1. Determine, for B:414, A:183, B:68, the number of other Cβ atoms within 10 Å of each Cβ, and report the residues in order from fewest to most.
2. So for the protein assembly as shown, what are the equivalent ellipsoid semi-axes in whole Å, largest first, each being the square root of 5 times an eigenvalue of the Cα gyration tensor?
3. Taking segment B:196-248 as the region of interest, what is the percent of Cα-Cα pairs per 10 angstrom bin, listed from the shortest bin to the one with the maximum distance?
4. Using DSSP, restrict attention to beta bridges with both residues in the protein assembly as shown and report what percent are antiparallel, rounded to the nearest 5.
5. At a Förster distance of 45 Å, what's the computed FRET efficiency of residue A:94 paired with residue B:241, Cβ-Cβ distance as r, to 0.05?
6. Report, as an integer, the average count of C-beta atoms from other chains found within 10 Å of each Cβ along B:280-290.
7. At a 10 angstrom cut-off on C-beta neighbours, averaged per residue, how do the peptides A:140-146, B:159-165 rank from highest to lowest?
8. What does the structure give for B:82-95 when I average, per residue, the other chain Cβ atoms found within 10 Å of the residue Cβ?
């Protein structure tokens, strides 16, 4: 009987301690997570610009009217940047596990200029270092975030001509392939 | 402590608990629980606590959901410029510490009547400045403007900017102050949709119907000339309790069976919101916001208070019915105003009724709903009816909130059907002109159109 009890006690101890050496459950690294999100966002954004706006808009079949005030036209549709923001707002209604926004140090709408020091640092970094992304950590309110900033490149002359001609644009010499702004993705820590 | 002191304490506690418990759970009059008078928009239902406090459990989201349940659709239709979703990104954390724009109550705090000003706003009027201060620095036309003038000078609106955004101002900058009198002759959706689904009356009830018809020859004659007669809605259509029995006094439930949309809008309106909250009907006596005729103080608001039951005379419903109760300065000056005179001429047969500019033309307008919202523009109404689409039907809005306050909401759906945009913006910004019911040209000039045109050059 004693033996049986001893065996049971040892087994219980071993079982309860066996979890100690197990590595903590591995999640996706924030960088891989945000890189992957950006890949999807960027692909959708480019496709919308080239395959919808360019193809069906005034430069193509001319059946839709991409316009800043798209709601005022029966065939109005969102400009690529507005489409991107609409996606971001729709995502924010279903999850707070990540947020993303489109910003620029040359924004048409000043609300889309960098607001936090890290956004400013990130947007300036990607503008000065084409082809590179920016990663950092920041605290906003009482929460910490992993913050990634990715370059937003002019993929179509529709992007450059609109920004160069808009009366509120602070920069009017964008060329195809230029970095026009950045996508900021945040993941709460 | 002496035992008698404990006894008194227990009695007081039980007494207070019992009183408030009874008030909360059983009593019809819950005014003892009011922590302060509700705003002009909500005082009608301030004693229907559960209209907003839908649950005893939960935090701010309970109130937020209550706001959105009633006002969400209208905000969506108004292309709300500052929806909650624009503020949830953590990059706004600093700004949200100043104004938490994710919650309606941050700006519209209820039960604070003494610090509530225009549009139910309880914040100081410089609320735009906190997020948009760079505009005052960067735009020459906006330099030195007062901090509190953005939304109070007829230029901007926090939620509904459909008639105020720059491109729209530029596109509508030209034109005579009076374009043409709108011709509102299109028939309503309800005329097309009369549903004859009432159950047949029992023999006994049928006999009563015949007797009533013979006893009230004038009513029968009135009915014969009404829209109901034209749509083949007989006595039985309304005087029917739904079980085949004669109903002496039909009410909202009977009207609702054919006029679903109108009834739903009425229940959302200032006239019907008490009924929607399960309270007694609204009467002028409930109001402390507007002036009413003394003899109308206890006139209960229902379909029949504006629509005479057997005549269905929409001419009466469009102006004189309103003015039977409303007696504020704007209302009292109506018949002497240009709009009122046109209506009087139409009533006298000197011009077609379709040209009349009644109270309802502006506050309960005949509209069609399109992608841009609602419009009372005659050409668009005619086009909608010609299209034959059920989704594009002409109907009279029965919720006056859609075209009421802030009055810039009226520009596109109502004012611009007859007037140019710059004239209408000026007129709506002129307090004296609002009071005299637009008798004369605007004495105020809002420079927003000029500035927009200048920048577009």
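Just so you know, all these numbers are worked out from the coordinates, no wet-lab data involved. Model, not experiment: these values are computed from the prediction. Counting neighbours? That spans all protein chains shown, and the Cβs are built from the backbone with ideal geometry, glycine included.
1. B:68, A:183, B:414
2. Equivalent ellipsoid of the protein assembly as shown: 51, 39, 27 Å, largest first.
3. 27, 54, 19
4. Bridges in the protein assembly as shown that DSSP calls antiparallel: roughly 95 percent.
5. For R0 = 45 Å, the calculated efficiency reads 0.45.
6. 0
7. Top to bottom by mean Cβ count within 10 Å: B:159-165, A:140-146.
8. Counting Cβ atoms of other protein chains within 10 Å of each residue's Cβ and averaging gives 6.
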